[in-house]
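This report refers to the structure that appears directly beneath it.
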Amino acid sequence: MNTVYIVGNGAIGRALAVSLITAGRQVVMLRGSRDDLPARPETIRLETAEETRLEATLPVTSLRAVGRLDGLIVIATKSYANPTVALALNEKGNDSPIVILQNGLGVERAFMEAHNADIYRCVLFATSQPVSDEQVRFRPVAASPIGLVQGQAGGLHTVVEQLHTATFPFRAVADIQPVVWQKTIINSVFNSVCPLLETDNGVFHREERALALATEIIDECVAVAQASGIRLESRAVVDNLLQISRASDGQLISTLQDIRQGRKTEIDTFNQEIVRIARRLQPAYRVTRTQLLGELTELKSELSQKQYVMPPAGGMTISDHTP
Ligand SMILES: NC(=O)C1=CN([C@@H]2O[C@H](COP(=O)(O)OP(=O)(O)OC[C@H]3O[C@@H](n4cnc5c(N)ncnc54)[C@H](OP(=O)(O)O)[C@@H]3O)[C@@H](O)[C@H]2O)C=CC1
Ligand SMILES: CC(C)(CO)C(=O)C(=O)O
């Protein structure tokens, strides 16, 4: 049986690990951000849509501690870690296929530059969030599509079979790029507007003005997608945004959680990547709303990392950030 190596012991990586182990597959979890941990078993509980709880114990070690990886490699880290993770995999002389389970445009680039292996891209139609140190709440919305971005198309169905379970479903698609664009445009709206308004994902189906702003951003980004040869219509993206807004009413987007906890965000692979692509077009496209929202989100993240503190009675202080 082929081992599935999951890099990134976060909300998505853990949900995938439990779904695979409880279906009888072989899994090793590789920590992406830590290389100082001894190998040890870890028990993870998964709360799924039907309120059923699945539990699995799996080996957890660090990416740097393992030797050559012979199996299927799944990348479930945050995308800003990709250059470092791709380099660490490259140092192992690795040629196992890689599947990238991340949001964002161009997130596969670091792996394509570092590896000759087959590289697949998945667009996640699921939400997953930690409930405690051992427990994750996971909700699949639909089977997550996987498509080839580098290498031989013949392996796609085998890769999907290796990852697909009833708990965390996947499906093969011939062309993943339109799906990547649609989801990235949706992320460019959710992951900037919600953190800036300090509100939950439901705002677009509740508030007409928020939906009007979302539609303007979507129109800007769809024009860039179409000029880049991607078949995508604004109406379909707006409908999908509204579905997600209704389904995740009350939930806080990951970017807002990242900002509140002083962590980096993935906004560079959403708004800012679309801005870069728009600039390279001949003639260049202007995506002013998308760009401004991306820049404000980046700035908010930077300020939170510098630990600006807003005291309750107004006036701002800057806390001492001596490391
Ligand atoms: N959660 C969700 O509902 C959804 C998530 N996604 C996407 O899935 C991907 C994974 O997200 P999610 O699991 O929620 O994220 P989490 O923050 O829960 O986990 C991400 C993992 O990334 C690793 N990581 C973070 N920083 C670094 C670093 N500097 N170097 C190396 N590794 C690092 C850590 O792995 P370790 O702990 O092993 O060190 C961390 O656990 C993201 O691209 C996200 O946008 C898409 C749709 C929905
Ligand atoms: C757009 C959304 C909210 C859909 O799950 C998402 O991608 C996320 O949770 O990061």
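Quick rundown of the values:
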item	result
Max mean-square fluctuation residue, GNM over the chain, Cα-Cα springs under 10 Å, options L211, L197, L20	L197
Carbon and sulfur %, accessible surface of region 3-174 computed with the full protein complex present, 1.4 Å	49 percent
Nitroxide proxy distance, nm - points 7 Å out along Cα→Cβ at Q305 and E113	1.8 nm
Charge dipole of the chain about the Cα centre (unit charges at C-beta), most positive-ward option of P283, Q177, T167	P283
Compactness of the chain - radius of gyration and Dmax, Cα, Å	19.8, 63
At R0 = 35 Å, FRET efficiency that the Cβ-Cβ distance of D175 and A212 yields, to 0.05	0.65
Whole-number accessible area per residue in Å² for region 158-226, which is evaluated in the context of all protein chains at 1.4 Å	38 Å²
Net length gained if the chain between S33 and R68 were fully extended (0.36 nm per residue, minus Cα distance)	10.7 nm
Highest-fluctuation residue, R121, R14, R137 considered, GNM on the chain with Cα pairs under 10 Å	R137
Whole-Å semi-axes of the ellipsoid equivalent to region 178-304 (Cα gyration tensor, √5λ, descending)	22, 18, 11
In range of the label at T43: residues from region 108-143 whose backbone nitrogen is under 13 Å from the point 7 Å along Cα→Cβ	134-135
Candidates D36, D200, D258: whichever shows maximal mean-square fluctuation once the chain is modelled as a Gaussian network with Cα springs under 10 Å	D36
Beta bridges by DSSP in the chain, antiparallel share as percent, to the nearest 5	45 percent
Helical segments meeting 27 Å axial Cα length and Kyte-Doolittle 0.5 threshold in the chain (DSSP H)	177-197, 208-227
Full-extension gain in nm, N240 to Q152, via 0.36 nm per residue minus C-alpha separation	28.6 nm
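The values are calculated or read from the model by the stated rules, or taken from the named source; none is laboratory data. Everything numeric in this text was worked out from a predicted model, so none of it was measured. Backbone-built Cβ (ideal geometry, glycine too); neighbour counts: all protein chains shown. Areas reflect the complete protein model, heavy atoms only, side chains present, ligands, DNA and RNA absent. Shrake-Rupley method; radii C 1.70, N 1.55, O 1.52, S 1.80 Å.
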